[in-house]
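Let me begin by presenting the structure, written as structure tokens, before commenting on it.
Just so you know, all these numbers are worked out from the coordinates, no wet-lab data involved. Please read all numbers here as calculations on a predicted model, not as lab measurements. Glycine gets a Cβ as well: all are built from the backbone with ideal geometry, and neighbour counts include every protein chain shown.
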Amino acid sequence: MKVLVVGGGSGGHITPAVAVVRELLDLKPRTRVEFWTDRKYYKNVVKITTEIGVSWGEEAGRGRGKTPYVRVRRIFAGKFHRYAGWGLKDYVKEWRITLKDLVLGNILGFLGFVGGTLQSFWRLLWPSKRPDVVFLKGGFVGLPVGLVARWFRIPYIVHESDMVPGLANRILMKRAAVVATGWGGMNGAKSTVCVGIPVAPEFKAVSEVKQKTLKKVFGFDPERPLVVVTGGSQGSLHIDETMREILPEMLKFTSVGLVAGRKHYEMMVELKKYEEWDKAKLKSNFRMWEFNSAMHELMGAADVVVSRAGATTIAELAALKKAVILVPFEQLPGGHQTKNAERLRDRNAVLMVEDREMQEKPEILLEAVRHLVRAPKERRVMAEKLQAEARPDAAKKLAEIILGVGDKK
């Protein structure tokens, strides 16, 4: 069977898709898998597939044999910049771009979409090279591929992680063979099934002993609480700016690990003054990274995690069974991060801090962190409730659905 997997645009679309590929190859090792992604995340996909013991290549047939094989290919993609309720000042502050940059970005996004459509059409034009089924892990990278698959009547499956579907999925789900969701049903879909959000098997709850060991691995005092703060691989300007304000006070009662993100790391370098080393040994209670490839271990070491409210990150934290403070990015289209966070807050599974309130009063986040650090019983209850939201079999269920649709063709 031939399966085409498409994902990119963010790590939240890559890691679940790779988890599904792992299950596909476990269930049916002889499956011929292609993974299409945008140029920005191509190296990430190659790196992850290599780490999990799957060979890869641009050329068909390379690496075949006993080792599972995935053909990874680049595809053009274009993102349209749409942010709810934003004015020019908001764009300039969060993304440091001008109106000219914004207009140019959307023009380039349109050209990327056209390029992706033409590229998909050419690759799928030849019947002998068409997959039996396509799996689209949401996002703008999958839109042109899904539209072309629809044209050639190739069945495709869409997975939507968030409470509110994005524009690409809203377009694609009406003709999808199956719409798989992370949280519940979606309107307008012919066949919808809730499977949860796939996460890598490395994301799993650790014992207290293992947690202390992980703290030592990262240089922290194993007997001291640890708060890990992350805005994702690219980072969050608002969270980073808040950390600059409240870090000195936080370090009085907890260790802090900050993943500043690739986009804003240079702006945050000044915080390195709080990171003190002596002969390769951390002497302070603070470490900062631009990006950390072992997030399952870093967050596993944490007593409290502060994060944006992307669906994949939430699923990973649920699998890790962590006490979490979510700071949703409110201006995203459809407010999907806010709705993700509100749903869990209403179930007392997380604490939620409003982004705009945090910008106005950074001490709001400080007090939320202080409260959880000093309330171990509350942390345990919250972590258990969040873990109850996890679907550890999500990747396997999706793989079974993909193989089932492919067999019906």
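Values as computed for the structure displayed
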| quantity | calculated |
| --- | --- |
| Distant-in-sequence amide H partners of VAL5 (H built 1.01 Å from N, under 5 Å) | GLU34, PHE35, TRP36, PHE135 |
| GNM flexibility winner over the chain from SER161, SER128, SER236 (Cα, springs under 10 Å) | SER128 |
| HN-Hα J in Hz across region 376-392 - Karplus 6.51, -1.76, 1.60, θ = phi - 60°, x for Gly and Pro | x, 5, 5, 4, 5, 5, 4, 4, 5, 5, 5, 4, 5, 7, 6, 10, x |
| HIS371/SER207 FRET efficiency (R0 30 Å; Cβ-Cβ; nearest 0.05) | 0.75 |
| For the chain, alpha-carbon Rg over 2.2 N^0.38 Å | 0.99 |
| Unit charges on C-beta of K, R, D, E only; dipole of the chain, Debye | 1640 debye |
| Fraction of beta bridges assigned by DSSP in the chain that are antiparallel (%, nearest 5) | 5 percent |
| Rg/Rh (Cα only; Kirkwood hydrodynamic radius) as it applies to region 262-409 | 1.04 |
| Between 0 and 90°, nearest 10: helix 363-373 axis offset from the chain longest Cα axis | 90 degrees |
| Between 0 and 90°, nearest 10: helix 394-408 axis offset from the chain longest Cα axis | 10 degrees |
| Length added when fully stretched, GLU378-ASP393, from 0.36 nm per residue minus Cα-Cα | 2.7 nm |
| Fraction of antiparallel bridges per DSSP, region 243-325 only, in percent to nearest 5 | 20 percent |
| Too-long pairs where the Cα-Cα distance tops 22 Å, listed order kept, from LYS216/LYS263; LYS339/LYS385; LYS79/LYS204; LYS40/LYS137 | LYS216/LYS263; LYS79/LYS204 |
| Once the Cα gyration tensor of region 185-292 is diagonalised, semi-axes √(5λ) in Å | 32, 20, 12 |
| Within the chain, helix-based [θ] at 222 nm, where runs of 4 or more DSSP H residues each add -39,500 (n - 2.57), nearest 500 | -13500 deg cm²/dmol |
| Region 294-363: C-alpha pair distances exceeding 14 Å, % | 57 percent |
| Size descriptor, Kirkwood hydrodynamic radius, that averages inverse alpha-carbon separations across region 148-238, Å | 16.7 Å |
| Kirkwood-based shape ratio for region 336-393, expressed as Rg/Rh from alpha carbons | 1.02 |
| Placed amide H near SER233: partners under 5 Å, 5+ positions off or other chain | none |
| Of GLY261, GLY219, GLY231, the one that fluctuates the most in a GNM where the chain has Cα springs shorter than 10 Å | GLY219 |
| Positive minus negative residues near ARG380 (Lys, Arg vs Asp, Glu; Cβ under 12 Å) | +1 |
| Separation in nanometres of the label points that stand 7 Å from Cα toward Cβ, at LEU125 and ASP278 | 6.9 nm |
| Nearest 10 degrees, 0 to 90: helix 39-51 Cα axis against the chain principal axis | 80 degrees |
| For region 198-253, diffusion coefficient by Stokes-Einstein and Kirkwood Rh (Cα), 10 °C, 1.306 mPa s, µm²/s | 117 µm²/s |
| Where the Cα pairs of region 261-316 fall when distances are cut into 10 Å bins, in % | 18, 46, 31, 5 |
